[in-house]
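Notes follow once the structure below has been shown.
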Amino acid sequence: MTDQIASITPVATDLNTPCSPTWCPGCGNFAILSAFKKAATQEGWNNTNTSMVAGIGCHGHIVNYVKLTSVEGLHGRAIPVGTGIKMANHELNVFVFTGDGDCMGEGGNHFIHACRRNHDITIVLHNNNIYGLTTGQTSPTSPHNFKTKSTPDGNPDYPLLPVPLAIASGATFVAREYAGNVKELTELLIRANSHKGISILEVVLPCVSFNKEFGAEFFKENTYRLPEDYDVTDKVAAFAKALEWGSHQVPLGVFYEEAKPSYESEIPQLQHNILLENTYMDRDVTGLLRKQG
Amino acid sequence: MKSYNNLRFTIKIGGEAGQGIKSAGVMLAKVATRSGYHTYSYTEYPSLIRGGHNVTQIEIAEEPVTGPSDNTDFLIALNQETLDLHANELTSGSGVLMDTDKKLTLPKNCPFEVVSFPVPLKELAGKDLLVNTVALGATLALLKGDLEILKDLLQEAFGAKGEEVIAMNVKAAEAGYNYVVDTYAKGKNVIYKNYLEKKEITSDQIVINGNEAVALGAIAAGLQFAAIYPMSPISNILHVLAAHQEEYGYVYKQPEDEISAINMAIGASFAGARSMTTTSGGGFCLMTEGLGLAGMTETPLVIVDGMRGAPATGLPTWSEQSDMQMVLRAHQGDFPRIVLAAGDPEEAFYLTMQAFNLADKYQTPVVLLIDKNICENDQSFSLFDTSGYKVDRGKFTMTRVEDFKRFALAKDGISERSVPGSGNFFIANSDEHDEFGYSNEEIANRNEQMQKRMAKLETCATEDMAAPVLYGPEDAEVTLVSWGSNKGSILQAMKGFKERKVNFMHITWINPFPAEAVAAVLTKAKHVVNIECNYSAHMGSLIREKTGIEIKDNLLKYDGRPFFVEAIEAKLREVL
């Protein structure tokens, strides 16, 4: 599977930028970038209909490599920026790219609250179980006893699993894919975006430089696809499935999907127009001022 | 009565939290305003919802009244604590309305002969909730107020709760009013004083506090998105915004914390919405990181900071002016920030409106400082006028521009802005970036982009910055310097020193700072007193930093209370 990522060749599209990716050769982020560009090209995501936000971490560099108007925000804070964009213009497809450190560590609070609010955005969580950009410290998703530069004797903490956390927090679309499965990831990105409400897409990926434990081999050995007859609407079963993680026990695919009105569809001010198009010039507040007297 | 102005008097109403002290105070202020008077209200309460001592004082005068006195001319006591704590503020001949049901008594150490009016408030009310309304009715009878105005106000206040609630309150007000007339009138036309006797109304007056003024100013300025986490003393801003969002078509969102608040507002602003957040000092600390993000990505943003006693949880329901140096320095590195400070609700209204235009014009964060005394103290003003206001979006395009350079170099520091969905591509990048927004760490680019951003402050100083207002004669024996809510107490105190040549420099622009204008006043001044509600003289430090002038005479306080008018008068007597 390492080869699978290394063999990804950049597609020529209007979405290309003059910047060359600075990720390490073989980094799973290349695969995510490729899948996203494929999905965007296929779906016609462009600068008239789509915006992206990224946090800080290796994943965050993606904004430089996709020609879609974006914000590269602060560490852990990509999600509230994304929800702000969506509330201002809910006709945009909004993609929030974040990482395991970015949104399970620094921005955990935003993650759980975004899940319960059901804004119609897609959160792509790049999970490589390590801090890569800061050259290899333990992450909130690193396993117990995991040896890193910050845990030379093994990680004393236990890992957080994003998928059950998302389901427990109320997310209405929760899925996991392995970065190397570019075709499946492309399809999932499209499906996540078309879901009305919050979509959490965890993408597990190898960090070739700092995480020797969860390399391509690990994911090749241990992932399996949720069966065809799996019921994505059964929340309790989804939760049980989501807790699986280990030897030959890393499920891929959609864990849970629920039809529920999105946040934006329930706000009266957003029913006729996007927020930006509501009248805001020359407002008269005289009546309200007089009420104070 | 005050020696310098016998047309001004102070009514104080006190009781337990939960007894509706603040709402009774506001209603009394409105009765006075609708009877042709000017009012200023000041409320003290602890950080509790029930229990604890609450007190509101209402200054009533025939000419504008702008600050609190520490004397009380008429005290309404709903509990014993009010008498125990405030008897020493009474002056000879002050009136006291007190609840006989609770067997309230004046403390033995009350220094003056006062006129007391015991009224069985609880018995007349029937239930605890109505005691404050009975007291209002009784007060109007004692002060020759117009009961019909109070009835109108009750109708307005309880209209949404239905006829039954209105009728109950009207009945309670009448019960208090009639009891006083029956018991104390004895054929007299004026039972105690004619403080509230209706006069001819000459102007369109409103009663408003800073929170309401900020919220309504924001709406008038074309607010489209606000994310605000509740915090004393600014929570009422979000209450007002939440109530009117559907009518005006903006969105108020309650976020999970202040970090989310500022980042949501940045996201909405990036997408093109006129956006704001408001908080107090502790919440501002959490927003510090977002402040710099707005600066670096050149995203317009209005932040209102309602200052309270600090540090940490500090004095949550009390006032202070100690966030200025934080707001000036918060966040690592250099980026342009505009910082304004209002002196009263009227300034808060107009500066909020201006802040939205400044944020859009300069594509950078604008912080408006108000202190708790402004947030929560109601004051009467002539109806605010928004007819001269024009929404200014600055250099802003929604149409497709070929090869769009979001951060194009510009002499004035301001590049044309666009939004996602317009067809234009750019990155609002927290990393240093080139003209398109791509991450770029080259030396020349770094220098150009840094200089471009910082140039905005110079442009702003030239095109928008206002000089401080100098109240009083140009040539004075004493020059007072201050900012924030001290303005009201100082102006009130100066009324007693008309012939003694006192002037007052009120500063509203904190960054960029009108250094030349400030220095011009200070170099001419004979004796300067700097007045602030903080320990380390934030404004004094700023003036020294920007002008090199050190003000040696500082009148500072940090006990959470405002400067009462008498404290300023005492200082003036000392230096004159």
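The values are calculated or read from the model by the stated rules, or taken from the named source; none is laboratory data. All values derive from a computational prediction rather than experimental measurement. Glycine gets a Cβ as well: all are built from the backbone with ideal geometry, and neighbour counts include every protein chain shown. Calculation scope for accessible area: heavy atoms of the full protein, side chains included, ligands and nucleic acids excluded. Shrake-Rupley method; radii C 1.70, N 1.55, O 1.52, S 1.80 Å.
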Using only the Cα atoms of the stretch A:134-293, what do you get for the radius of gyration and for Dmax, in Å? 22.1, 73
Taking every alpha carbon pair in the protein assembly as shown and sorting the distances into 20 angstrom bins from 0 up to the bin holding the longest one, the percent per bin comes out as 14, 40, 30, 14, 2, 0
Antiparallel bridge percentage (DSSP; both residues within the protein assembly as shown; nearest 5): 30
Sorting B:S541, B:S485 on solvent-accessible surface, 1.4 Å probe, most exposed first, gives B:S541, B:S485
If I fit a long axis through the Cα atoms of helix B:210-220 and take the longest principal axis of the Cα atoms of chain B, what angle between them do I get, 0 to 90°, rounded to 10? 50
Under the √(5λ) rule applied to the eigenvalues of the Cα gyration tensor, what semi-axes describe the equivalent ellipsoid of chain B? Give them in Å, descending. 47, 28, 19
B:H244 - accessible surface, heavy atoms, 1.4 Å probe, Å² rounded to 10: 30
Using a 1.4 angstrom probe on the protein heavy atoms only, line up B:W318, B:W509 by accessible area, largest first. B:W318, B:W509
Taking Rh as the Kirkwood radius computed over alpha-carbon pairs of the stretch B:490-532 and applying Stokes-Einstein at 20 °C with viscosity 1.002 mPa s, one gets a diffusion coefficient in µm² s⁻¹ of 179
Lysines whose Cα lies under 26 Å from that of B:K456, excluding same-chain neighbours fewer than 8 positions away: B:K361, B:K390, B:K395, B:K405, B:K411, B:K546
For the stretch B:8-202, report the convex hull volume of the alpha-carbon atoms normalised per residue, in Å³, without decimals. 118
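Taking 1 over the mean of 1/r across every pair of different Cα atoms in the stretch B:13-126, what Kirkwood radius in Å do you get?
14.6
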Antiparallel bridge percentage (DSSP; both residues within the stretch B:469-575; nearest 5): 20
How do the peptides B:254-260, B:288-294 rank, highest first, by the average count of neighbouring beta carbon atoms within 10 Å per residue? B:288-294, B:254-260
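Quick check: at a probe of 1.4 Å, how many percent of the accessible area of chain A sits on carbon and sulfur atoms? It would help to have the intermediate numbers written out before the result.
Details: 5960 of 11210 Å².
Answer for chain A: carbon and sulfur cover 53 percent of the accessible area.
Taking a temperature of 4 °C and a viscosity of 1.567 mPa s, what whole-number D in µm²/s does Stokes-Einstein yield for the stretch B:395-464 with Rh from Kirkwood over alpha carbon pairs?
Translational diffusion coefficient: 102 µm²/s.
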Using only the heavy atoms of the protein chains and a 1.4 Å probe, how would B:K501, A:K37 rank by accessible area, largest first? B:K501, A:K37
Gaussian network model of chain A, Cα springs within a sub-10 Å range: biggest mean-square fluctuation belongs to which of A:A179, A:A240, A:A88? A:A240
Ignoring everything except DSSP H segments at least 4 long, calculate the 222 nm mean residue ellipticity for the protein assembly as shown; use -39,500 (n - 2.57) per segment, divide by total residues, nearest 500. -10500 deg cm²/dmol
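State the antiparallel share, in %, of DSSP beta bridges confined to the stretch A:128-227, rounding to the nearest 5.
Taking every DSSP beta bridge within the stretch A:128-227, about 25 percent pair in antiparallel fashion.
Once the piece of chain linking B:T462 and B:E113 is laid out straight, how much longer is it, given 0.36 nm per residue of separation minus the C-alpha distance between them?
Stretched fully, the B:T462-B:E113 segment lengthens by 119.7 nm.
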Hey, could you get me the Stokes-Einstein D for the stretch A:2-266, Kirkwood radius over alpha-carbon pairs, 37 °C and 0.692 mPa s, rounded to whole µm² s⁻¹? 181
Would you kindly state how much longer the chain becomes between B:E545 and B:V190 on full extension, computed as 0.36 nm times their sequence separation minus their alpha carbon distance, in nm to one decimal? 122.0 nm
Which of the aspartates and glutamates could a cross-linker bridge to B:K193, judged by Cα under 18 Å and excluding same-chain residues fewer than eight apart? B:E59, B:E62, B:D73, B:E113, B:D146, B:D182
For an R0 of 56 angstrom, estimate the FRET efficiency from the Cβ-Cβ distance between A:T41 and B:E200 and round to the nearest 0.05. 0.15
Tell me the relative contact order for the stretch B:8-202 as a rounded percent, counting alpha carbon contacts under 8 Å between residues six or more apart. 21
Using the alpha-carbon atoms, what tilt in degrees (0 to 90, nearest 10) does helix B:538-547 show relative to the longest principal axis of chain B? 40
So which trypsin sites (Lys or Arg not before Pro) in the stretch B:303-394 are both in a DSSP loop and have at most 14 other Cβ atoms within 10 Å of their Cβ? B:K390
What FRET efficiency would be calculated for the residue pair B:K127, A:T286, taking the C-beta separation as r and a Förster radius of 51 Å, to the nearest 0.05? 0.85
Once the Cα gyration tensor of the stretch B:498-561 is diagonalised, what are the square roots of 5 times its eigenvalues, in whole Å and ordered largest first, as equivalent ellipsoid semi-axes? 18, 17, 11
Expressed as an acute angle from 0 to 90° and rounded to the nearest 10, what is the orientation of the C-alpha long axis of helix B:163-180 relative to the principal long axis of chain B? 50
So how many Lys-Lys pairs in the stretch A:149-293 land under 27 Å Cα to Cα, not counting same-chain pairs under 8 apart? 15
Rg over Rh of the stretch B:27-90, using C-alpha atoms and the Kirkwood radius, what does it come to? 0.99
